[in-house]
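Enquirer: Please see the structure below; I have some questions.
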Amino acid sequence: MIAHQASTIMPPAVAAVAEHPHLQHQAHRSLMAQMHRIAERCALFVPHPVAVAQIDAAVGESEGGIVALECETGGGATALICWLAATRRWAFWLPEDDAGAGLTALCAQVLALSDLPIPLVPPVAARDALTIERLLEEASAKRQSGDPLVVVIGRIPDETRTPTPPPLPVCVPPGVVVVMATTPGEQQPVIDERITARVTLQSGETWLTEMAAHRGVHRRLATVIASRSQGSPLYVRLAPGLAATRVLDIRRLPHGLSALHQRWWEGLDAQGRALAHILAAAHHPLPVSLIAALAACAEDAIIRLLQRWGQLIERTDEGVRLYHRATRAFIMHASPDGIAAAHARFVELVQTRSNGAPERSGWQDEQTLSREFARHITLGGAATRSMIDVIVRRTWVRAQERRTGDLNDAANDALWMLRATAEDGPALHLVRAAALAGALTFLSRSLPPHAPAEVFAAAVDRGQPRDATMRRIRAMIDQLPDGRDKALALRHLGEVCYTLRMRAPAMRMLSEALDLEAPGPTRQWRDQHEETLVALARAAIGIGAPDTALGITTRIVHTERRGMIETEVVRWLIAHGRRSRAEEVAYAISHPGNHDWAMAEVAIAHARAGDYERAGLVLDTLRAATAVAWVTAELACDAARRGNPRAVDRVMLLPNPALRDRALAQVARALIVQVAPETALEVARMIDDHETRARCLIDMALDHPPVAAQALDEAATAAVAVEGEERASVIAALAAAEAASGQFQVGMRMAALLPEGEERDRAHSRIAIALARRGDYTTAETVALTITDEDERGWALDELARILAVNGRHREAFALATQIGDDAARARLEADLAIAWARSGAAAAAHARAGQIAVPAERARAQAAIAHSLVETGARARVFTDIASVLPPDTRSRYLLAAAQALAAHELPDDAGAVALLIPRPLERARALVATARAAAGAGDLQRARRLLGQAFLTIAPLGRTETLQCIGWASDTLALIGGAELLLTVAAALDEIDAWLVN
């Protein structure tokens, strides 16, 4: 067997990390686990010169990107990567041997190797590929040409090892080369597009013979083994030991690694296969005594079998396990039912030894068995799924925290439970598992409390800019969960800032630290929870269940937020003719502002239904003057539209002059069409405030051209009396109204009354817009181009172009846009014009034009918005994936999200799902999956919708609580279709329950 010994190998990257105490503290556990594997693989490794030369050539020729090291399982890729990590100043990551913190360790290596200014790994690094991508970008900026930063990554664990795939960097900047072990034919859509070169690792018989001889095999036997290996170094490693224990007949060696495993498997009796199942099902090494209990065999028999299997077995300080993934994969393929039964046996033994209470402490092999309990429940099939409820209890979470000292294992358990529920669990269990997994992932983030302050002080001493460094450090602290450690970090950083005479940020941080130490959930924690409840309540309103929505709102503590949803319920009830119930709900709203406005809407509803008595009674209960004025104005306008010349009477009773003037202006505009214009003008003359009267008369002139001359004359009189800053604005509006009424020269003369410069330019821009709305585009453009102020001219040209687009003159609009000097403003306008053009029916031409926009963000926004129009013209998934293939990851994610949403909205869930799976970023991918689920639910395929939601939650939960709750909010409409109002109510209760025991 292979025994791990103390390693004397010190990879250069590890030595670099050791120079930074905080990085060493953060990455130590993962680096030690990976160094054990490096030491084991390098102990007898013979580097293949051709393979090494190929990798060196690929790295040297690459300007940046991913180099795929293609190799069949057992072909020596991991050994070569370990040797490169041990001998080169390259960063490394062995995902199968990283103790669950490989990304954190990789970030630490990049920080140390590149000597980046802030040697501290952000807390989110373990679950978020964006962190390592940003560090790689920083590192690339410091590299000299021809000296790339190289990162080697081993094989990714299969789906039985981890609940979710580890996040991989997909955005590799120039100057950084990632060498990644892959299997030929393996599909990794997100990664495949970023591969710049491929190196195929092949082993010839001569080299394999040398490798076998190097391991002490007789030269003649080494030649035979190499000839039968079919190029597999693992075969060369395993065959001598199996031949020595007579598992294999040296005279009839099998051809190839698969045949070797088959020959071994065929020679096993029931006891041997039971042992093989147990070892294949286990992830971590197991002590022999535990294996014996699981396999129901005597320890002596287990030891004899393990010795006979030779190099198939690896011995560590913790116990024994299968040496290579190839052996485990063979057993899983040969006997999947046996593997499932082995997982079930683990679960059964936990139940037996803990007397049915695995959250208890003190039972035999507690540490070993509890570590993988959730995994075995998930992989054990239907026989073990009944145990899921154990993992989503507070007692289990606290037990795992007690056993390990942190919440990492509990978070990992919750992800396994989410995965189990995502496959076939009820929707309520799915949401509950997602919320718990996201929350525990967030709560498991950590940072040594003294580290941020010490790193900041050291960076300032080295001459780093204080403000920029402070922002980076604060961003790291903000990633931590609220609590004692975060408060300590803020206090220590605040004290350092105070000594550096940065007193304002110091006082802010010390104040924040005090707030965090207060009992109960913080405002941010509560707000995130309640925003999800708001989404659930809105979903209930959407399916016509207002009482359910009200039931959900009772869980919202923030009165204004609760009142907002209650007001939406009131509006729904009014729209469906349930005015009495609407009044009851409005009356019960506790937030004063929401209460008054909801009651105001009820009063208007009563009045419009003809119940003026009840409307008056409700109106008399209102306390806010603005609400009273709004109701009065709305009812007066209704009367005016019915032709009532006395509509203004009640408005005149309003005591507040400003509110009365605004209400009179509304009534005057309502009267202008339905009643004699002279009556409307009389009402306008009742307005005391000159500015309000002038603007009202201007609006009346534009709304009813027959009275334009008289109204504008009176508006001019009122405008002259306006004083202060608003005078220029009113005169500019008056000048524009004159031009819109056909009096262009009058408008220009009026604009000339204003001082030259900004005020006159504003008037000219309003005149230009007024002319364009009349259809006089040539004159409008001429006026706009005479404006001297660049910002005002740009605004006018922007508005003119939009008016041209509304009237179908898209090419002229684009031509006008080119005259805008500001690059950002021009790009923003071009994007909006392209979107409008696409919506008018020219999607293909608009998409092509959007591709010419110079600013990347605006180009991406336009292309994403045009996706809906492209779908309407018949575009399908392939069109969007081809377009997205040339975009950078962030832009591609947003574009493919828009495409998936468009496809889903057009009832094409198959295409939407295919596009969603190609999205690099998890947040956008989850949102696309939710949109696809909504489409499936709308089509009546509720099972598929539930599975898609499971995929979305499993994608988003590793990011943390904020993102998971946000995703549950996105999914609320789909949950309503799947389980109706009852599901929404129980989901709200489940979220409350989880929050209650996580914060207490």
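The values are calculated or read from the model by the stated rules, or taken from the named source; none is laboratory data. In this text the structure is predicted, and so the values were computed from the model without any measurement. Here the Cβ is made from the backbone with ideal geometry for all residues, glycine too, and neighbour counts use every protein chain on show. Please note that ligands, DNA and RNA were not included when accessible areas were found on the heavy atoms of the full protein model with its side chains. Shrake-Rupley method; radii C 1.70, N 1.55, O 1.52, S 1.80 Å.
Enquirer: Given the condition assigned to a helix (DSSP H, G or I) and under 34 Å from the mean Cα position of the chain (by Cα), answer yes or no: does some residue in segment 573-593 qualify? Step through it out loud before you land on a result.
Expert: To start, the set of residues in segment 573-593 that are assigned to a helix (DSSP H, G or I) comprises 573-575, 579-588, 592-593.
With the extra rule that they be under 34 Å from the mean Cα position of the chain (by Cα), the set shrinks to none.
Within segment 573-593, not a single residue is assigned to a helix (DSSP H, G or I) and under 34 Å from the mean Cα position of the chain (by Cα).
Enquirer: Let me ask you something else. So if I check each of P117, P157, P123, which one is over 30 Å from G381 (Cβ atoms) and surrounded by fewer than 23 Cβ atoms within 10 Å (Cβ to Cβ)? Even if it seems obvious, please write down each step before you answer.
Expert: Working: P157 fails: over 30 Å from G381 (Cβ atoms); P123 fails: surrounded by fewer than 23 Cβ atoms within 10 Å (Cβ to Cβ).
Step by step, each of P117, P157, P123 is checked, and only P117 is over 30 Å from G381 (Cβ atoms) and surrounded by fewer than 23 Cβ atoms within 10 Å (Cβ to Cβ).
Enquirer: Pairs under 7 Å by beta carbon, first residue farther than 16 Å from W264 by Cα in segment 300-325, partner among the hydroxyl-bearing types (S, T, Y), six or more apart or different chains?
Expert: That search, which allows pairs on different chains as well, returns E314/Y323.
Enquirer: Which residue out of A243, A226, A280, A212 is under 47 Å from the mean Cα position of the chain (by Cα), assigned to a helix (DSSP H, G or I) and either free of Cβ contacts under 8 Å to residues at least 60 places away in the same chain or closer than 19 Å to R308 by Cβ (or both)? Walk me through how you get there before you give the answer.
Expert: Details: A243 fails: under 47 Å from the mean Cα position of the chain (by Cα); A226 fails: under 47 Å from the mean Cα position of the chain (by Cα); A212 fails: under 47 Å from the mean Cα position of the chain (by Cα).
Checking each option against the conditions leaves just A280.
Enquirer: If you don't mind, there's one more thing I want to ask. Mind listing just one residue for me: the one in segment 399-424 that is under 13 Å from G950 (Cβ atoms) and open to solvent by 10 Å² or more (accessible area, probe 1.4 Å) and, of those, farthest from the chain's Cα centre (by Cα)?
Expert: D424
Enquirer: Also, quick follow-up: For A518, all conditions in the list (1) open to solvent by less than 30 Å² (accessible area, probe 1.4 Å); (2) farther than 25 Å from L984 by Cα; (3) without any contact (Cβ under 8 Å) to a residue 24 or more places away in the chain hold save one; what is the number of the exception?
Expert: (1)
Enquirer: Shifting gears a bit: For segment 348-379, what are the residues that are under 34 Å from the mean Cα position of the chain (by Cα), open to solvent by less than 30 Å² (accessible area, probe 1.4 Å) and under 18 Å from P285 (Cα atoms)?
Expert: Once the filter is applied, which keeps residues that are under 34 Å from the mean Cα position of the chain (by Cα), open to solvent by less than 30 Å² (accessible area, probe 1.4 Å) and under 18 Å from P285 (Cα atoms), segment 348-379 yields L369, S370, E372, F373, A374, R375, H376.
Enquirer: Now a separate question. Filter segment 37-58 for residues that are buried (at least 18 other Cβ atoms within 10 Å of the Cβ) and in a helix (DSSP H, G or I) and give the result.
Expert: We begin by selecting, within segment 37-58, every residue buried (at least 18 other Cβ atoms within 10 Å of the Cβ); these are 37-42, 45, 48, 51, 54-55, 58.
R37, I38, A39, E40, R41, C42, A51, Q54, I55, A58, listed by residue number.
Enquirer: Just name the residue that is farthest from A751 (Cα to Cα) out of those in segment 719-736 that are small (G, A, S) and surrounded by 24 or more Cβ atoms within 10 Å (Cβ to Cβ).
Expert: Residues of segment 719-736 small (G, A, S): 719, 721, 724, 728-729, 732-733, 735-736.
Pick out the ones that are also surrounded by 24 or more Cβ atoms within 10 Å (Cβ to Cβ) and you get 719, 732, 735-736.
Values: A719: 13, A732: 6, A735: 6, A736: 9 Å.
Top of the filtered list is A719.
Enquirer: Just to be sure, is R462 open to solvent by 10 Å² or more (accessible area, probe 1.4 Å), touching a residue at least 12 places away in the same chain (Cβ under 8 Å), within 20 Å of P521 (Cα to Cα) and basic (K, R)? Spell out the reasoning first.
Expert: Values: open to solvent by 10 Å² or more (accessible area, probe 1.4 Å): yes; touching a residue at least 12 places away in the same chain (Cβ under 8 Å): yes; within 20 Å of P521 (Cα to Cα): no; basic (K, R): yes.
Here the answer is no, as R462 does not meet what is asked.
Enquirer: Could you go through segment 952-966 and let me know if any residue there is surrounded by fewer than 24 Cβ atoms within 10 Å (Cβ to Cβ) and more than 17 Å from the chain's Cα centre (by Cα).
Expert: Within segment 952-966, not a single residue is surrounded by fewer than 24 Cβ atoms within 10 Å (Cβ to Cβ) and more than 17 Å from the chain's Cα centre (by Cα).
Enquirer: Is segment 755-768 home to any residue that is open to solvent by 30 Å² or more (accessible area, probe 1.4 Å) and of a type in the set (G, A, S)?
Expert: Scanning segment 755-768, I find no residue that is open to solvent by 30 Å² or more (accessible area, probe 1.4 Å) and of a type in the set (G, A, S), so the answer is no.
A quick yes/no check of all residues on (1) touching a helix residue (DSSP H, G or I) at 6+ places or on another chain (Cβ under 6 Å); (2) within 20 Å of A928 (Cα to Cα); (3) crowded, with 21+ Cβ neighbours inside 10 Å:
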| position | (1), (2), (3) |
| --- | --- |
| A842 | no, no, no |
| H847 | yes, no, yes |
| G851 | no, no, no |
| Q863 | yes, yes, yes |
| I866 | yes, yes, yes |
| A875 | no, yes, yes |
| D882 | no, yes, no |
| S893 | yes, yes, yes |
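Enquirer: Could you identify the single residue in R345, R394, R385 that is open to solvent by 40 Å² or more (accessible area, probe 1.4 Å), of a type outside the set (F, W, Y) and at pLDDT 95 or above? Walk me through how you get there before you give the answer.
Expert: Values: R394 fails: at pLDDT 95 or above; R385 fails: at pLDDT 95 or above.
None of the others qualify; the one that does is R345.
Enquirer: Out of A936, A899, I need the residue that is assigned to a helix (DSSP H, G or I), under 27 Å from T196 (Cα atoms) and out of contact with any strand residue (DSSP E or B) (no Cβ under 7 Å at 6 or more places or on another chain). Which one? Lay out the reasoning, then the answer.
Expert: Details: A936 fails: under 27 Å from T196 (Cα atoms).
After ruling out the rest, the residue left standing is A899.
Enquirer: Would you say A506 is part of a helix (DSSP H, G or I), touching a Phe, Trp or Tyr at 6+ places or on another chain (Cβ under 6 Å) and open to solvent by less than 30 Å² (accessible area, probe 1.4 Å)? I'd like the intermediate steps shown before the answer.
Expert: On the way: part of a helix (DSSP H, G or I): yes; touching a Phe, Trp or Tyr at 6+ places or on another chain (Cβ under 6 Å): yes; open to solvent by less than 30 Å² (accessible area, probe 1.4 Å): yes.
In short, yes.
Enquirer: If you don't mind, there's one more thing I want to ask. Report yes if some residue within segment 788-799 is of a type in the set (S, T, N, Q) and at pLDDT 90 or above; otherwise report no. I'd like the intermediate steps shown before the answer.
Expert: Pass one, segment 788-799, residues of a type in the set (S, T, N, Q): 788.
From what is left, the residues that are at pLDDT 90 or above are none.
No, every residue in segment 788-799 fails to be of a type in the set (S, T, N, Q) and at pLDDT 90 or above.
Enquirer: Might you let me know whether segment 728-741 holds any residue that is assigned to a helix (DSSP H, G or I) and free of Cβ contacts under 8 Å to residues at least 24 places away in the same chain?
Expert: Within segment 728-741 (the criterion being assigned to a helix (DSSP H, G or I) and free of Cβ contacts under 8 Å to residues at least 24 places away in the same chain), the answer is no, since none of the residues qualifies.
Enquirer: Being of a type in the set (S, T, N, Q) and not in a loop (DSSP other than H, G, I, E, B) is the filter here, so list the residues in segment 518-551 that pass it.
Expert: So the first thing to find is which residues in segment 518-551 are of a type in the set (S, T, N, Q), and the list is 522, 524, 528, 532, 548.
Hits for segment 518-551 are Q524, Q528, T532, T548.
Enquirer: For segment 302-345, enumerate the residues that are part of a loop (DSSP other than H, G, I, E, B), closer than 21 Å to A374 by Cβ and either among the hydroxyl-bearing types (S, T, Y) or within 38 Å of the chain's Cα centre (by Cα) (or both). I'd like the intermediate steps shown before the answer.
Expert: Applying the first criterion (part of a loop (DSSP other than H, G, I, E, B)) to segment 302-345 yields 309, 316-319, 323-324, 335.
With the extra rule that they be closer than 21 Å to A374 by Cβ, the set shrinks to 318-319.
Hit for segment 302-345 is E318, nothing else.
Enquirer: Of all residues in segment 596-617, count the ones that are more than 46 Å from the chain's Cα centre (by Cα) and either assigned to a helix (DSSP H, G or I) or within 17 Å of A663 (Cβ to Cβ) (or both).
Expert: Going through segment 596-617 one residue at a time, the tally reaches 7.
Here's the yes/no breakdown for (1) surrounded by fewer than 22 Cβ atoms within 10 Å (Cβ to Cβ); (2) within 17 Å of E531 (Cβ to Cβ):
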{"site": "T548", "(1), (2)": "no, no"}
{"site": "T553", "(1), (2)": "no, yes"}
{"site": "V557", "(1), (2)": "yes, yes"}
{"site": "R561", "(1), (2)": "yes, yes"}
{"site": "E566", "(1), (2)": "no, yes"}
{"site": "A575", "(1), (2)": "yes, no"}
{"site": "I589", "(1), (2)": "no, no"}
{"site": "V602", "(1), (2)": "no, no"}
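Enquirer: Could you list, ordered by first residue, the pairs with Cβ atoms under 8 Å in which the first is in segment 703-716 and surrounded by 15 or more Cβ atoms within 10 Å (Cβ to Cβ) and the second is of a type in the set (D, E), at least 6 apart or interchain?
Expert: Once the first residue is surrounded by 15 or more Cβ atoms within 10 Å (Cβ to Cβ) and sits in segment 703-716, its partners that are of a type in the set (D, E) give L712/E738.
Enquirer: Here's something else I'd like to know. Could you tell me which numbered condition G204 fails, if it satisfies all but one of (1) open to solvent by less than 40 Å² (accessible area, probe 1.4 Å); (2) under 45 Å from the mean Cα position of the chain (by Cα)?
Expert: (2)
Enquirer: Something else about it: Would you check if G724 is within 26 Å of N656 (Cβ to Cβ) and either touching a strand residue (DSSP E or B) at 6+ places or on another chain (Cβ under 8 Å) or not in a helix (DSSP H, G or I) (or both)?
Expert: On the way: within 26 Å of N656 (Cβ to Cβ): yes; either touching a strand residue (DSSP E or B) at 6+ places or on another chain (Cβ under 8 Å) or not in a helix (DSSP H, G or I) (or both): yes.
Spelling it out, G724 is indeed within 26 Å of N656 (Cβ to Cβ) and either touching a strand residue (DSSP E or B) at 6+ places or on another chain (Cβ under 8 Å) or not in a helix (DSSP H, G or I) (or both).
Enquirer: Sticking with this structure for a sec: Hey, can you tell me all the residues within segment 765-790 that are over 18 Å from E812 (Cβ atoms) and touching a residue at least 24 places away in the same chain (Cβ under 8 Å)?
Expert: Filtering segment 765-790 for residues over 18 Å from E812 (Cβ atoms) gives 765-767, 770, 786-790.
Within segment 765-790, S765, R766, I767, A770, I787, T788, D789, E790 qualify.
Enquirer: Examine segment 422-430 for a residue that is more than 22 Å from E401 (Cβ to Cβ) and acidic (D, E), and state whether such a residue exists. Before the answer, list the steps.
Expert: The initial filter retains those residues of segment 422-430 that are more than 22 Å from E401 (Cβ to Cβ), namely 422-430.
Those left that are additionally acidic (D, E): 423-424.
Within segment 422-430 (the criterion being more than 22 Å from E401 (Cβ to Cβ) and acidic (D, E)), the answer is yes, since at least one residue qualifies.
Enquirer: For segment 60-83, state whether one or more residues are farther than 21 Å from E40 by Cα, in contact with a Pro (Cβ under 9 Å, 6 or more places away or on another chain) and of a type in the set (S, T, N, Q).
Expert: Looking through segment 60-83, at least one residue is farther than 21 Å from E40 by Cα, in contact with a Pro (Cβ under 9 Å, 6 or more places away or on another chain) and of a type in the set (S, T, N, Q).
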